[in-house]
1. Of Lys85/Lys113; Lys262/Lys346; Lys321/Lys353; Lys89/Lys321, which ones are farther than 19 Å apart at the Cα?
2. Let's see if you can work this out: charge +1 on each Lys and Arg Cβ, -1 on each Asp and Glu Cβ, no other charges. What is the dipole magnitude of the chain about its Cα centre, in debye to the nearest 20?
3. What's the extension gain from Ile307 to Asn102 if we count 0.36 nm per residue and subtract their Cα-Cα distance?
4. Remind me, relative contact order of the chain in percent, using alpha carbon pairs under 8 angstrom and six or more residues apart?
5. Which of the chymotrypsin sites (Phe, Trp or Tyr not before Pro) found in region 226-324 are loop residues per DSSP with 16 or fewer other Cβ atoms within 10 Å of their Cβ?
6. Over all directions, the average projected area of the alpha-carbon convex hull for the chain comes to how many nm²?
7. How many percent of the alpha carbon pairs in region 195-304 exceed a separation of 18 Å?
8. What's the angle, to the nearest 10 degrees (0 to 90), between helix 3-16's Cα axis and the longest principal axis of the chain?
Amino acid sequence: MTLKKTALLLVLALTLRGGAYAQNLIVGADFSTRFDNREYAPNEFGEPQTLFSARLSPRIGVEWQQKNRLIVGADLLQNFGDDTKFLSKARPILYYQFNTKNVQANAGIFDRKELMGDYSRAFFSDSTAYYHNRLSGFMGRYQPASHPKTYVEMAIDWEGMYSHASREMFRILSAGRYTADRGFYFGYAFSMFHFAGRKGNENVTDNLLLNPYAGWEFNAYLDFDIRANFLFAPQRGRSVDHLWRKPCGGQLDITIRKWGIKIENNLYLGENLQPLRNYAANPATGLTYGQDGLYAGESFYATTKHIYNRTWVGYDRTFFKGTLGVEAGMVFHCDGTGLGTQQVVKLSVDIEKLFNIGTKKKH
């Protein structure tokens, strides 16, 4: 049975059961296209390449009692220049969502944008966030309506099934933020990645990352956001030497905005946060941990020069009540070995429409 037929049957079944409560039919779609040209030849820790793709994620579902949603959809990705098949990837979206004034919970396969936490590029690089855009598992968040910039969330993403072809992998994520008076805020982000073996290659690697931070948002004609971060990355490759490596460092983030123009600078000073990157992950294939997927963060955090500076200069703004987003800019990367540049252009669309398909509650 095709995904389209499954979605239609789901909506029909819930519609026929709609005699007790009013229901809404949800029809929506996300679209994005992203050009990312990376000129990293002068850098030791970045890989030069050009990524250019388009993604369409149509979805359909039912909402009932204003708190419950059941969604079915598809994530369709096409890498430009890949003419070997109709789509580069086609994957399902299927999840239940419970949503109240203060609480949201998801279960199933859902989009990464459902997460609210501020996970820096040390956790997920731009390309990881774009190409691994779905989470498979659970997510729960508490966000008091009286303090919309204060929240705490936790999620689990099951990324790989134990077999001859793939590793058993899952990631536990958590983030929280408390916003105080006068724009001051405090928060954290956390990741625990269980990177186990596959059949015929039994080994387990533990990869953790903790990022407590404090910041200040204020306006002085321009909008400023200044944040101080601490990054702590304990990890152990049990197939390497069973030793816990505990690299850490500090990062200062400064963002300035006005009329959609954005200047952002991220300065990291510290140790190599990806010390297992060049160790053998699978001797049979010759892959290293860096190639086999242990690290989802930006590869520049593997710097052995104790410095990584990223500067973004460009335009980032939404239009039409947030349904259309435009992002274009130049990025400069300095890892202590050279200066690399990156040009990024991204256009995104997110639309959703509700249609009443049920009846009011019977008496």
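Here, each number is a calculation from the coordinates, and none is a lab measurement. Note that the structure is predicted; figures quoted are calculated from it, not measured. Cβ coordinates were reconstructed from backbone atoms using ideal geometry, including for glycine residues, and neighbour counts include every protein chain displayed.
1. On the way: Lys85/Lys113 28 Å; Lys262/Lys346 15 Å; Lys321/Lys353 14 Å; Lys89/Lys321 30 Å.
Flagged as over cut-off: Lys85/Lys113; Lys89/Lys321.
2. Values: 43 positive and 34 negative charges, 304 e Å.
Value, rounded to 20: 1460 debye.
3. On the way: separation 205, 0.36 × 205 = 73.80 nm, distance 4.03 nm.
Going from the current span to full extension adds 69.8 nm.
4. Numbers: 929 pairs, mean separation 62.0, N = 363.
So the answer I get is 17 percent.
5. Values: sites: Phe230, Phe232, Trp244, Trp259, Tyr268, Tyr279, Tyr289, Tyr295, Phe300, Tyr301, Tyr308, Trp312, Tyr315, Phe319, Phe320; in loops: Trp259, Tyr279, Tyr295, Phe320.
Answer in residue order: Trp259, Tyr279, Phe320.
6. Values: hull surface 83.3 nm².
Across all orientations, the chain yields a mean hull projection of 20.8 nm².
7. When every Cα pair of region 195-304 is considered, 57 percent fall beyond 18 Å.
8. It is inclined by approximately 40 degrees.
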